[in-house]
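Take a look at the structure below.
The values are calculated or read from the model by the stated rules, or taken from the named source; none is laboratory data. Predicted model only: the values in this text are computed from it and were never measured. Cβ coordinates were reconstructed from backbone atoms using ideal geometry, including for glycine residues, and neighbour counts include every protein chain displayed. Surface areas here come from the heavy atoms of the whole protein model, side chains and all, with no ligands, DNA or RNA. Shrake-Rupley method; radii C 1.70, N 1.55, O 1.52, S 1.80 Å.
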Amino acid sequence: MKNKSKLEKIKNQKKKTVNVPAEWLYLSPSEVSVRDLSDSFENPEQIEIWEDARVAEVILGEKASMDMEWYECDLGDEESNAFLEKHQIRTMYVVTIPPQEFEAARICMQKITARNGGFFCGDTDDFTPMVK
């Protein structure tokens, strides 16, 4: 009986494991400030911004947040920068999320892209997954 409950716990833990990156990029062909990011949310308490530092923190839950930091549009290699040029990217934020909070982060990502355009992509070799 003990082994059966241990197996159930292991199965439940595997179900909770999310296979999404913790590091993302928000890319937009238009200029998007942290104030623009803030305006994407009806509840101003859901996001905290530091305009001078170009940083935003989106609250995902009691203990989780999606952190966004403006970054120069240069990914450091030709292939990656070609991706930025292809999509005419003028604004880039480096985004960090807790993978287990991806669903809450995805909703926030969609609010941002609905208001400001652009898209989120995993900071991976092939820029996947994407949220538009």
| said: Looking only at region 39-49, how many residues end up being in contact (Cβ under 8 Å) with a residue 12 or more places away in the chain, open to solvent by 20 Å² or more (accessible area, probe 1.4 Å) and either of a type in the set (A, V, I, L, M, F, W, C) or touching a strand residue (DSSP E or B) at 6+ places or on another chain (Cβ under 7 Å) (or both)? | reply: 2
| said: Among the residues that make up region 50-62, is at least one of them charged (D, E, K, R) and at pLDDT below 95? | reply: yes
| query | When the residues of region 20-38 are filtered to those that are without any contact (Cβ under 8 Å) to a residue 40 or more places away in the chain and not aliphatic (A, V, I, L, M), which remaining residue is least open to solvent (accessible area, probe 1.4 Å)? | reply | Ser38
